[in-house]
1. Just to confirm a number: summing +1 for Lys and Arg and -1 for Asp and Glu over residues other than Gly236 whose beta-carbon lies under 11 angstrom from that of Gly236, what do you get?
2. Please report the net charge: other residues with Cβ closer than 12 Å to the Cβ of Asp279, K and R +1, D and E -1.
3. Where does region 212-269 land on Rg(C-alpha)/(2.2 N^0.38 Å)?
4. Viscosity 1.567 mPa s, temperature 4 °C: Stokes-Einstein D of region 160-316 from its Kirkwood Cα radius, in µm² per second?
5. Would you order Phe136, Phe275 from fewest to most other beta-carbon atoms within 10 Å of each residue's own beta-carbon?
6. Would you calculate the convex hull of the Cα atoms in region 113-192 and tell me its volume per residue in Å³?
7. For region 269-318, what mean projected area does the convex hull of the alpha carbons give, in nm²?
Amino acid sequence: MTMTRPPLLQRQTTARTALTLLTAITVAGAVLLTALPTLAVPAAAATPATTKVARLTAPAAQVACSLVGDVPVCSHGDDARLRPQSSAGEGTRQQASTSSTRIGCYGNGRSGPRVQAVYARPIGSADRLPSMRASFRGWAGALDKAVDDSAHQTRGARHVRFVTTPTSGGCELDIVAVTLPPSAFTSFNATVSALQQRGMDATGMKYLVWSDVSKLCGMASSYADSSPGANNANNGLYPTYARVDRACWGYAETHELTHMLGGVQADAPRATAGFHCRDGSDVMCYDDGTAGSQQVSACPAAQARLLDCRHDDYFSTAPVKGSWLASHWNVAMSSFLSASWSSPEPAPAPAPAPAEPSTSAPEDGGGEPAPSPTPTPLLPFLP
């Protein structure tokens, strides 16, 4: 069956069920609250959309959503509170940039669900990729370690399936460099549109953009779909995007990637209306100013860089049977994560040996044919 994918930010106005949404648009560091036109669920998809959209009928002021098919794709405004507040934070960032750059190597480095690293700068600005490449790779390694350390807490392992290029020792992070018009950096939506115009709109791809400007901290898109299983909208049915500006390089990558992977869904037990959580020390938890975002000290400070400190809102490799996470979208089951460090491209299947004559076979050749070998999957995706 051929599916026609609508544009990521397309607004559909032919629906019967309407949602009034507000968005936070960040321009030159200032957050301005403006109302979006009414969005609606397409009439043809009204039944399946009802469940997915109902929780957005009273969104927080910072959340902006539009529809892709029958599923809302949302961004919640700038994650400005992730911005470092002291020189101590700078030290943490520098340490991250010189940490291990090890990431997983899977297949040919490009096939299957992938996270593509992007360096974006305004046309006419200095190209800092040569001097920043090692830092970007270090921060990608730190992101991967945070995800894997989180998985270890529930006796699992998870690594990010980045787009990579081969090296003599394995692989390294592939970073696509793009120059965009200055207008592309005035808002998150403008950045997404500019990237799409340059062909970065593949299904099965998530784009993590280091943006060489200082207009916001970080923003990302996430689909409001908490249904379990591989067909969740956050699991590669459509492309998603995250943008991290200079002030938050080395800080916000794990947070924004987790948004792209589908965390935190608004109907999770301790979710805020802004797609975060309220457990305190957790990479996705902070007071975002939306309904239900007052924080509690549920987890130790050491958990601040890790995902889902209680293992019940958005990430667990072993969710408790009967819990919300066991029957809803679980980022740990994303096809963009792998349970192993590597998965080499499978070797070509050997050519079948010539059939030898058999004295016991009927003369008409009517014996049972030899069973066909089971094809080896290209990559061992998680369910």
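1. Around Gly236, the surrounding residues sum to +3.
2. Spelling it out: positives minus negatives among the neighbours equals -2.
3. After normalising by residue count via 2.2 N^0.38 Å, the value is 1.23.
4. Taking Rh from Cα pairs, D becomes 78 µm²/s.
5. With the sparsest Cβ surroundings first, the list reads Phe136, Phe275.
6. Dividing the Cα hull volume of region 113-192 by its residues yields 127 Å³.
7. That works out to 3.1 nm².
Here, each number is a calculation from the coordinates, and none is a lab measurement. Remember, predicted model here, so these are calculated numbers, not experimental data. In this analysis, Cβ positions are derived from the backbone assuming ideal geometry, glycine residues included, and neighbour counts consider all displayed protein chains.
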